[in-house]
Amino acid sequence: MIRNPKDIETSNRLISRRALILGGAQLAFMGVLGLRMRYLQVEQADQFRMLAEENRINIRLIAPERGLIYDRNGVVIAANEQNLRIVMVREDAGDIDQAMDHIRQLVKLDPEEEERARKELRRRSPFVPVTIADRLAWEDLARVAVNAPALPGVTPEVGLSRTYPLGGDFAHVVGYVGPVSDYDLGKLENPDPLLQIPRFQIGKLGVEARLEDQLRGSAGTRRIEVNAVGRVMRELDRVDGTPGHDIQLTIDAGLQNFVQARMSGESAASVVMDTTNGDILAIGSAPSYDPNKFVRGISVADYRKLTDDIFRPLANKAVQGTYPPGSTFKMVVALAALEEGLIEPDEIIRCNGFITLGKRRFHCWKRGGHGKVDLNKSLQQSCDVFYYTIAERVGIEKITAMARKFGLGQRHDLPMSGIAAGLAPTKSWKLENRGKEWLIGDTLNSGIGQGFVLASPLQLAVMTARLASGRALVPRLIKTVDGIENTAPEAPLLDVDPAHLDLVRAGMFAVSNSQRGTAYRSRIAEAEYQMAGKTGTSQVRNITKAERQAGVTKNRDLPWERRDHALFVAFAPMDAPQVAVSVVVEHGGGGSTAAAPIARDIVLQALYGGLPPLTAYPAAQRRQIEELQQSLELRTPKPGQGQPVKT
Amino acid sequence: MSYLEYSLRTIPSGFRKVLFLNWPLVLLLITVACVGFLVLYSVAGGAMVPWVEPQIKRFALGMVLMFTVAMIPIWFWRNVAGLAYGGSVFLLFLVKFVGVSGMGAQRWIDLGFMRLQPSEVAKITLVMALAAYYDWLDLDKTSRPQWVALPVALILLPTALVITQPDLGTAILLVVGGGIMMFVAGVHWLYFAVVIALGVATVAAVFYTRGTEWQLLKDYQYKRIDVFLDPASDPLGAGYNITQAKIALGSGGWSGRGFLQGTQSRLNFVPEKQTDFILTILAEEFGFIGAISLLGLYALIVFFCVVSALKNPDRFGALLTLGVAATFFLFFAVNMSMVMGLMPVVGVPLPLVSWGGSAMLVLLGAFGLVQSAHVHRPRGRK
């Protein structure tokens, strides 16, 4: 086929025209491309340069070292130990199952831990590192490090973890730390960025929680260059954070250990206060638990064991538990009456075993009655009728006012969790809270520390310390923060006639030192350290008329939870008080039998600064005491070697 | 035209042909390839392996191919155009059955010594077939519907095969490349206007009906389109690549961060950096100056092709040259647009720079055709 030249001409002209149009369009498009380049690379260059830097540079926080907690003598209560762990970043790790399988080949993974880690990986943002396994051995960590190229997004880390070398002794005081929860974050308005660090531990309970701000310290930063999969290429610079403040408690770890050991087997609480300055020397609650388990994440089974125990190991009975103070309240009632001039010190009141109010009888604990009773005898033998009588004279408002002076019915703000306010009732309180008028019978019950009155062991210790010192002592738990003494102003004298205080002290002395005293068995033989105290036995049930006629059921015949609470408060030495102690044994039976012996042992332990010599005890009891001392599982046993504390 | 019509006496023969090659074009191609070697060297972190060395070997092979193709008279290529087209369509069928999969698509045929990507070959054979078709077709029939339908079918056949691989980038190149061939060959502009209008109307209908009960696509399909059009809406998924690419480009600034100094590349933030996103590395390390220079080189290549076509009275040669130039243009225009965020990411390499064997060989082969058309063009005919 031959084409005529004219066609070829036309064809070429057409092609040329279209080719020029096409070329023009292409040129225009290339112009657009060039302008776009200019826009991105010249006009927006700074912004993209910044983004590139942001890409490249990652700021990582360095967790500061948490402040340590010491006892008053420098014994470490809470320390930090090295914790080797591996963390994973979800968005870098790719297939989580595959990564987990790989890690499992290198490190033994606890299935429960793994499940928890998976949950956390799902829940957290994809770029947040999540701890897969911690408390690893060096070899495990090394294996992971060697296999790093095959494990994107997985990095070995060395961190610090809290540890409590004294185990359960301080569980209720110091509490424990745990990983930050969403709940914790939600509570804070402006959360510290530190809290985003994986498994960052914050105080959950006790001193650890209440003094979190001092203990935590502030974060350091590390600027690192990372590649696209988040692997750290190099560290550019680093600013170390400031470690948290060390905290020293007023507690004596040795005494605390003794208190916990002495109460073991009971559901009990005890507080020891220095009567010269209000320092808490020991504050125990039994049974206790191992806070280290909580730091590591307690297993469900272990936690169930703690919550199912009827002795409630998780409760800090020393500050959270409130009990009717029973007869330990009688000092307050006596002082109220004395101050109001409604009773003379030598006034005799007759106790026939009960008094009658309208149709109701109010019984004394002693069936036949105490006969003629004066103030001293009323305390010594704890006559209830005496206190019914004077309580009726004084009235509840005056009694409560006196109770407040001694620190009852008010919250003592120690840096511990769940501190209870107790209750010193008034007429208006009952009307508001119970919707009923105050009855005179309520006053009578209050006169013997029953009814509405409630006090915690801490409050009872404060009361006793104030009785002993005559000063409005305020309990103190923190001795120093960051080496700076947490000084409290000297406690002012109580607005109570010293002569009246002396009368009450004498009555308390008689309790444990005169033959007919309710705690005579728990006297101290060492003349220098003689103790003044008061027993208390508070009912947790009502005794019916029928039961009273048939004879009140003995505590040991009742189920545990219906037995009376046993209480004892004491201070010693009588002449120059140094320590005040309160002991509450839940459902322990009688205060004289269950609580007083514990209180005496604690007082002696505190005064001797270690196990007391047997000569401090009455001769007849020494054998028994020796056995008891040997059976105690103390951390640092110092049998009989203790020296009196010099103050 | 049969070869008889070429005035053979004016056409160089034997090794003299070498002197009549379009040498500026050859030099431009070598320059662009060298830019590619440089960037691949940087991508490898300053090393010849794993990319530069094989790339140089391929380029050498490609040059041999180009010269070989150039030496063979253009009328031979016209005569085998239909065969080549048929062959490449056959290969596209074949790849469905014996193809090797990679990156979510089945595109390659393993030849033992190399992996051939038939869709790359198809881009050129389609241009050849269309050029031959319009060379054969009477000029006055060009715009008649039945003679328009045939080339449309020629375009759509390989496009359909490619789109099912799936390879959207190549499909676009085939359709637009074929369309340009038809436009240059002189098909009436109304056809193009109608197609464009229909396309716009369809897109408008798809989006306009969204959310109504007559909507044309399912909700999830709309979502996919959203992410496709605006990757920034999914910054850690589909948008990650383009975001990082733009950061790399932009952070280069006027003069770049320096050879081997690009942090986006060094630290692997840019994905596919040796293939589709290689421009970002060039732009990051050599800045706006580097990137615009490459664009300039590309523009010159297109320019020399267009000039060669305009000087070529042979209809087949001219159409072929323009077709190859258009295909080449589409390669870098689509690639640059997508890397700079002007167009969704469709997977088209940067010609002669990106790592990849098939595209390099096919392109150099195509420039061999351009050279052949240039060398064997009728001269001084009466």
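The values are calculated or read from the model by the stated rules, or taken from the named source; none is laboratory data. Keep in mind it's a predicted model, so treat the numbers as computed, not measured. Positions of Cβ are backbone-derived with ideal geometry, glycine not excepted, and every protein chain shown enters the neighbour counts.
Selection of the range A:426-475 for residues being over 30 Å from A:ARG360 (Cβ atoms), polar (S, T, N, Q) and surrounded by fewer than 24 Cβ atoms within 10 Å (Cβ to Cβ) yields only A:SER469. Of all the residues in the range B:310-347, those that are touching a residue at least 40 places away in the same chain (Cβ under 8 Å) and within 14 Å of chain A (Cβ to nearest Cβ) number 26.
Tallying residues that are surrounded by 13 or more Cβ atoms within 10 Å (Cβ to Cβ) and at pLDDT 75 or above within the range B:196-216 yields 7. Under the condition of being touching a residue at least 12 places away in the same chain (Cβ under 8 Å) and in a helix (DSSP H, G or I), the residues counted in the range A:446-500 number 17. Filtered by the rule that a residue be within 7 Å of another protein chain (Cβ to nearest Cβ) and at pLDDT below 85, the range B:266-284 gives B:LEU267, B:ASN268, B:PHE269.
I'd like to verify a number: residues in the range B:250-265 that are under 27 Å from B:GLU53 (Cβ atoms) and at the interface with chain A (Cβ under 8 Å from one of its Cβ atoms), how many? Residues meeting the conditions: 3. Checking the range A:271-278 against the condition returns a match, with at least one residue being among the hydrophobic types (A, V, I, L, M, F, W, C), buried (at least 18 other Cβ atoms within 10 Å of the Cβ), in contact with an Asp or Glu (Cβ under 9 Å, 6 or more places away or on another chain) and in contact (Cβ under 8 Å) with a residue 60 or more places away in the chain.
Among the residues making up the range A:125-147, those that are assigned to a helix (DSSP H, G or I) and among the acidic types (Asp, Glu) are A:GLU139, A:ASP140. Annotation: of all residues in the range A:133-156 being under 13 Å from A:ILE103 (Cα atoms) and small (Gly, Ala, Ser), the one that is surrounded by the fewest Cβ atoms within 10 Å (Cβ to Cβ) is A:ALA150.
Inspect the range A:539-556 for any residue being free of Cβ contacts under 8 Å to residues at least 12 places away in the same chain and within 34 Å of the chain's Cα centre (by Cα) and give the result as yes or no. Yes, the range A:539-556 contains a residue that is free of Cβ contacts under 8 Å to residues at least 12 places away in the same chain and within 34 Å of the chain's Cα centre (by Cα). Restricting to the range B:267-298, give me the number of residues that are in contact with a Leu (Cβ under 7 Å, 6 or more places away or on another chain), without any contact (Cβ under 8 Å) to a residue 60 or more places away in the chain and not acidic (Asp, Glu). Residues meeting the conditions: 5.
With respect to (1) more than 21 Å from B:PHE331 (Cα to Cα); (2) modelled with pLDDT of 85 or more; (3) small (Gly, Ala, Ser); (4) surrounded by fewer than 23 Cβ atoms within 10 Å (Cβ to Cβ), the lone exception for B:SER251 is condition (4). The condition (being on the phi < 0 side of the Ramachandran plot and within 11 Å of chain B (Cβ to nearest Cβ)) is satisfied by just one residue among A:GLU114, A:GLU120, A:GLU65, A:GLU54: A:GLU54. Entry remark, the range B:21-63: residues being surrounded by 14 or more Cβ atoms within 10 Å (Cβ to Cβ) and small (Gly, Ala, Ser) number 5 in total. For the range A:245-260, taking the residues that are assigned to a helix (DSSP H, G or I) and of a type in the set (A, V, I, L, M), the one that is nearest to A:GLY153 (Cα to Cα) is identified as A:ALA253. The single condition among (1) under 20 Å from the mean Cα position of the chain (by Cα); (2) surrounded by fewer than 20 Cβ atoms within 10 Å (Cβ to Cβ) that B:LYS123 does not meet is (2). Annotation for the range A:403-420: at least one member residue is in the same structural domain as A:PRO577 (by TED's automatic domain parsing), in a helix (DSSP H, G or I) and of a type outside the set (D, E, K, R). Look at A:LEU306 and say whether it is modelled with pLDDT under 95 and of a type in the set (A, V, I, L, M). Here the answer is yes, as A:LEU306 does meet what is asked.
Is it the case that the range B:291-299 has a residue that's in contact with a helix residue (DSSP H, G or I) (Cβ under 6 Å, 6 or more places away or on another chain), closer than 27 Å to B:LEU350 by Cβ and of a type in the set (S, T, N, Q)? Among the residues of the range B:291-299, not one is in contact with a helix residue (DSSP H, G or I) (Cβ under 6 Å, 6 or more places away or on another chain), closer than 27 Å to B:LEU350 by Cβ and of a type in the set (S, T, N, Q), which makes the answer no. Are any of the residues in the range B:77-90 at pLDDT below 95, surrounded by 20 or more Cβ atoms within 10 Å (Cβ to Cβ) and over 20 Å from the mean Cα position of the chain (by Cα)? Yes, the range B:77-90 has at least one match. Those helices (runs of 4 or more DSSP H) of the range B:117-211 in which 2 or more residues are more than 14 Å from every other protein chain (Cβ to nearest Cβ) and farther than 30 Å from B:LEU350 by Cβ occupy B:145-163, B:189-208. For the range A:21-46, the set of residues classified as at the interface with chain B (Cβ under 7 Å from one of its Cβ atoms) and over 24 Å from B:PHE304 (Cα atoms) consists of A:ARG36, A:ARG38, A:LEU40, A:GLN41, A:VAL42, A:GLN44, A:ALA45, listed by residue number.
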